[in-house]
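First comes the structure, then the notes that go with it.
The values are calculated or read from the model by the stated rules, or taken from the named source; none is laboratory data. These numbers were taken from a predicted model, which means no experiment stands behind them. So basically every Cβ, Gly included, is an ideal-geometry build from the backbone, and we count neighbours across all protein chains shown. The protein model used for the area step is the full one, side chains on, heavy atoms only, and it has no ligands, DNA or RNA in it. Shrake-Rupley method; radii C 1.70, N 1.55, O 1.52, S 1.80 Å.
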Amino acid sequence: PERESPRGRPEERAAAHACRGPAMAESPAASDFVKSKLDEFFWEWLCLPESQKIVRQSIQAAKSGDNSSLDVTAPSPHFSAHRTSPSGRPSPLGSPHSRAGLAPHTVGDKDGVAVPPPSEWREPSPPSPREWEGKGDDKDLAIPRFWWPKRQRPTDQLSASTRQAIHEHFVKQKLTDGIRTYQQLEPIVMEVFRLSKYFVVPIFHKIKVFFDIVDGSAKSKTSLLNPSPVPITEQMLVSWCQGKIQPDDLVLSFFYVVKKEHNNWIEREDFSIFLMAILLTHPGLDFLRETQEFQDRYADTVISRIFFVYDRKDVGRIHLQSLRRYRPSVIETWKQLAEHDDIKMVRDYFSYEHFYVIYCTFWELDSDHDFLLDKDDLLKYDGHALSRRTVDRIFSETPTKFISAVPGKMGYEDFIRFLLCDQDRQTDRSMEYWFHIFDLDGDGCIRDHEMKYFYEEQVQRMECLNYDTIPFPDILCQINDMISPKVEGVFRLADFKKRRKFAGTFFSLFSSLNKFLAFEHRDPFLAKQEQMDNPNFTDWDRWCADEYLHLAMEEGDEGDDDGGH
């Protein structure tokens, strides 16, 4: 039928006004805008053919007093929210009668199809792809499980598939008498346990200790690499694996293999046997086998770097949650060792280049070679770059406690932590380290008076070197633009983590004269080119590469001088 304007018939307008209900009626407290929008929506609704049909039915029902003649069939899928009011008239969508006040019930349409109660009325939503695929199927649609919580410990019993894989390796190698050498255990560790090749020797030793075949305190080259006096049978291997090996969770296996039985964390000494195995068997470290001192320092360096990443509270313990959370993954890096005979190709944790740079840097500062640094030693670092106030804060042990156990002295491990924080100031650990140095009052904010305290010494040093100085207000304005703190002039740790690209520059301005001058005279095109040449390198990687080349050139020059004499 042709649409009619509802304004043409007085009785229709009266019925329409009754349908609006108190919720849509004008209220003295309502704004003009709200009233105009309600009127607009109401007239749009009233202009619909379906609405006009309902209005006419309401008029007829009111005249005849017979409510059974009302057709309450939903005219369209989007017009299904109508039900009768207590007076028998249909309530428009959004009126009080359509929202609450009546007990839930169903309303039958003219075909006898039940309409859901008001509490179940919803705007129809498009079907999902699974619903389209299963349309016409009576089967219930179930969302498959997509997340499983991480295990906190390996299962007490190895799975049948793991036991079968171990058995197949015994059969394949014809180990009827059992395993006698670590080479025979290697394929099981790598293929079944899915651990690093350089876990084979430590696991071989741990199994022998577990069954009292050898003394646990004996960790010499002979005891680690020599064959087992008693063969390790398949049953013995499976028994040792129970509660330690979880092939589908490498982090869990790593954690339970490395740690002591009675601990729920990894300590520094737990890594000793694993580093010894690398030093004894990795082809890239053959040249260190005759120099015990360098072997010890290399192991100390690797362990310190691992704890720097995973022991965020500096308590000397690594927990399972930390192993899962932080990167780079030491588990994956350990596996990479088997892929490269040149250990310099593995940059994270195990790089010999990085160890050499760290060790030589420390050795040059340690004038009396007692492997302890005092304040005067550290002041020589990077060509006397650090200010004395910065060094005083470091030795106050505010950013982190020293583990040297000698008051007022920084040990080798402490220096490694400092160096990692100084040469890569964009990491979380580095930002936390330097933030605590500058937060003099420990209130969680760095304010202008704290920055000025450090900047005063920088200005004095620049004046002694006849450099132009920059007024502190100008510096403060620059760093506010650079870091964009939430509150201008008040810098919180979260502000630096949001703008970590500039965090290092902020801390360098107030602590290191060399870095401050390098920032003032920087070449942005050269810096961009360096990043493009090695896009996967961190600031730490770039610094170590430059320092290693510099040290190598110095050794070459010294060799030429010796040859000339």
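Side notes on the structure shown:
- By the Cα gyration tensor, region 166-231 has an equivalent ellipsoid whose semi-axes, rounded to whole angstrom, run 20, 14, 9 from largest to smallest.
- Rounded to the nearest whole Hz, the Karplus-based 3J(HN,Hα) values (6.51 cos²θ - 1.76 cosθ + 1.60, θ = phi - 60°) of region 494-507 follow the sequence 4, 5, 5, 5, 6, 10, 5, 4, 9, 4, x, 5, 4, 5, with x at glycine and proline.
- When only alpha carbons are used to place a centre, region 175-198 and region 395-462 end up 47 Å from one another.
- The portion of the accessible surface of region 262-305 made up by carbon and sulfur, rounded to a whole percent, is 49 (1.4 Å probe; DNA, RNA and ligands excluded).
- Descending principal axes extents, region 137-199, alpha-carbon based, whole Å: 59, 26, 20
- Rounded percent of accessible protein surface that carbon and sulfur make up, region 428-565, 1.4 Å probe: 51 percent
- Global size of region 414-565: 18.1, 65 Å for Rg and Dmax (C-alpha atoms, Rg to one decimal, Dmax whole).
- Annotation note: trypsin sites (Lys or Arg not before Pro) in region 295-344 located in DSSP loop regions with a Cβ neighbour count of at most 12 within 10 Å are Lys313.
- Region 459-543, Rg to Rh (Cα coordinates; Rh as Kirkwood inverse mean 1/r): 1.00
- Put simply, the amide H of Tyr467, placed in the peptide plane, has no neighbours under 5 Å, leaving out anything fewer than 5 places away on its chain.
- In this structure, the pairs whose alpha-carbon distance is over 22 Å, taken from Lys150/Lys244; Lys344/Lys515; Lys380/Lys452; Lys206/Lys335, are Lys344/Lys515; Lys380/Lys452.
- Working note: Karplus 6.51/-1.76/1.60 with θ = phi - 60° gives region 190-196 the couplings 7, 9, 8, 6, 6, 9, 5 Hz, where Gly and Pro are set to x.
- Average accessible surface area per residue within region 208-349, 1.4 Å rolling probe, Å²: 46 Å²
- If you plug the beta carbon distance of Phe287 and Asp314 into 1/(1 + (r/R0)^6) with R0 = 45 Å, you get a FRET efficiency near 0.85.
- Residues of type lysines that Lys53 reaches as a straight line, Cα spacing below 19 Å, ignoring anything fewer than 8 places off in the same chain: Lys63, Lys110
- Between Asp474 and Ala338, the modelled label-to-label distance comes to 6.0 nm, taking each label 7 Å out from Cα in the direction of the beta carbon.
- Rounded to the nearest whole Hz, the Karplus-based 3J(HN,Hα) values (6.51 cos²θ - 1.76 cosθ + 1.60, θ = phi - 60°) of region 313-330 follow the sequence 9, 6, 9, x, 9, 10, 9, 4, 4, 5, 4, 6, 8, 9, 10, x, 6, 5, with x at glycine and proline.
- Shape category assigned to region 409-495 from the gyration tensor of Cα positions, a/c cut at 1.5: oblate
- Calculated FRET value between Asp392 and Ala218, using beta carbons and R₀ = 41 Å, to 0.05: 0.35
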